[in-house]
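I have placed the structure first, in the form of structure tokens, so that the comments after it can refer back to it.
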Amino acid sequence: MAEKKTKRYLVTYKDQDVDSSKASSILGVSKSKCKEGISFMETDSVPDKDDVLHFENIGVSSIELDDEEHSKLVKKESVLAVEEDIEVHVLELTKEEEQTDLVSNGLGSSEITEGNSYQDGYEHALMDMFSSIMHLGRKGNGLHNGTQTRSFPIKPVPIRPEPILPFPPIISPPILPRQPIPWNISMVKAPEAWSRGLRGSGVNVAVLDTGIATHPDLVISGGASFVQGVTSYDDGHSHGTHCAGIVGARNNFIGVVGVAPLCRLYAVKVLADSGSGQMSWVIAGLEWCITNKMHVANLSLGASVGPRVAYANAIRKCQDHGVTVVAATGNSGHTAFPYVGSPANSYQRGTSKASPIAVGSINQGGHIAASSSRGGEHSEWNQVTVVAPGVSVRSTVLNGEYGFKSGTSMACPHVAGLAALIYEKFPGISPVNVERKITSTASDMGDAGYNTPFGYGLINCDLATL
């Protein structure tokens with residue numbers, strides 16, 4: 001008999017506090033096969049076909065099922081939903097898609113290279129200045145008093161007066177230029193919030209992505225990997241590193257600076273170095289945020305599908321535990337799925353806590369990016385909440401370098417950085433009120449009031465932190 005084909009599914013329970021023992025009973029598997037999800041996935045172990053990974057803090061399990069087992073499970077009274085463990089991807093545009101966006105908005109590639117030339121010139125000039133300072137020396141043979149020890153009866157030798165040498169010139173310490181502020185950081189008015197002492201200090205921001213690479217402009221406070229067979233949260237793709245720089249690149253006279261330059265960045269690797277991963281890996285990352293007391297979770301990832309119950313449940317659990325979840329809307333503006341993608345579209349009737357802050361993308365001119373996913377077609381989906389810069393954004397990448405990327409992936413971390421500033425300003429604030437601060441102070445764009453492409457408008461770090 002041919003072996004039945006199976007798929008991995010995510011099971012969400014009606015009882016949100018179901019433990020592994022009860023989960024194994026509902027699923028009809030032995031307790032020994034029901035593993036604690038994040039602990040198992042943080043190792044390099046790969047689950048067997050009959051292993052169940054249970055995420056107790058969010059009431060979800062990952063299990064392999066054939067069609068018959070799936071049909072039986074969905075009918076159980078204790079089960080809320082059984083959904084396929086779908087693939088998710090980074091929400092960064094390809095170069096071709098990026099060029100389409102620029103052309104659609106009447107822009108050209110010159111706007112990208114202009115900023116690059118300025119920044120490269122600045123950094124080279126800064127390095128030349130430091131090199132010159134290091135090679136400056138003080139010429140001259142130095143001063144001494146000419147005293148000699150003498151004994152008699154040796155006739156003393158006349159001491160010739162030494163010539164008076166001029167003092168070397170006094171070199172004033174260099175006046176270092178200020179950190180150059182990228183256009184996107186100025187656009188969201190982060191410097192105005194910094195002028196009042198806000199930098200995101202003491203706030204934990206988890207970047208659920210391809211990891212974060214070591215970079216002179218970034219300080220990584222910790223992290224975890226939920227990619228199968230991978231224990232390191234290092235980034236071999238560059239997407240996660242780029243997003244991390246937008247959130248919290250340091251104010252250190254080089255490169256770029258993030259919205260919240262003193263926040264604590266955590267690398268939660270839920271996507272492989274290919275830029276893709278599984279929904280279950282993201283679910284594991286969200287539970288990690290709860291157990292490790294994150295304040296903000298940045299999700300610059302997704303898929304072009306409708307809302308998933310498991311995501312909505314996990315997001316609600318995060319926000320119940322004080323974690324503000326921010327998600328990119330997607331880059332499907334030109335396709336047959338021009339709607340807010342998953343998990344940004346997460347929705348659960350009766351509570352706003354099950355939906356993240358969904359972020360769309362605009363360019364330097366304030367126009368909506370042609371690729372930015374819109375909402376409006378499905379009344380019970382979460383819609384675009386706000387927008388932020390997401391076209392030709394320069395940030396940190398691999399090998400200690402800097403590069404441009406576009407997409408709602410790049411817009412999303414601006415809002416995560418703003419959330420960090422709000423947490424610093426208002427310690428103990430709830431995620432619901434973080435979102436209210438962001439939406440009520442956003443700069444209106446497009447049609448007056450809330451609208452489909454822009455949501456409540458462009459985020460304003462200055463007003464949101466008053």
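Read the figures in this text as sums done on the coordinates, not as results from a lab. Remember, it's a predicted structure, so these values are computed and weren't measured experimentally. A quick note on method: Cβ atoms are made from the backbone with ideal geometry, for glycine too, and the neighbour counts reach across all protein chains shown.
Can you flag which of K72/K269; K4/K72; K95/K437 are past 25 Å Cα-Cα? Kindly include the intermediate steps, with their values, before the conclusion.
Values: K72/K269 34 Å; K4/K72 15 Å; K95/K437 35 Å.
Over 25 Å apart, Cα to Cα: K72/K269; K95/K437.
Filter the trypsin sites (Lys or Arg not before Pro) in region 46-104 to those in DSSP coil with at most 16 other Cβ atoms within 10 Å of their Cβ, and list the result. Please list the in-between numbers first.
Details: sites: K49, K72, K75, K76, K95; in loops: K49, K75, K76.
Passing both the DSSP loop test and the Cβ count: K49, K75, K76.
Based on other C-beta atoms within 10 Å, arrange V227, V282, V384 from fewest to most. Walk me through the numbers on the way to the answer.
Working: V227 23, V282 26, V384 29.
Neighbour counts put them in this order, fewest first: V227, V282, V384.
Can you give the alpha-carbon Rg of region 307-466 over 2.2 N^0.38 Å, where N counts its residues? Could you put the intermediate results ahead of the total?
Values: Rg = 15.0 Å, N = 160, 2.2 N^0.38 = 15.1 Å.
So region 307-466 has a normalised radius of gyration of 0.99.
Provide the net charge surrounding G211, with neighbours chosen by a C-beta distance below 14 Å and charges set as Lys +1, Arg +1, Asp -1, Glu -1.
-4
Loop only per DSSP, at most 10 neighbouring Cβ atoms within 10 Å: give me the GluC sites (Glu not before Pro) in region 1-86, ordered by residue number.
Values: sites: E3, E36, E42, E56, E64, E68, E69, E77, E83, E84; in loops: E3, E42, E56, E77.
Loop-located and lightly packed - E3, E77.
For every other residue with a beta carbon closer than 10 angstrom to the beta carbon of A81, add +1 if it is Lys or Arg and -1 if Asp or Glu, then tell me the sum. If you can, show how the numbers build up before the last one.
Working: positive: K14, R308; negative: E83.
That works out to +1.
Work through the residues other than K425 whose Cβ is under 12 Å from its Cβ and net out their charges, Lys, Arg +1 and Asp, Glu -1.
On the way: positive: R196, R199, K437; negative: E424, D462.
Taking every Cβ under 12 Å from that of K425, the sum is +1.
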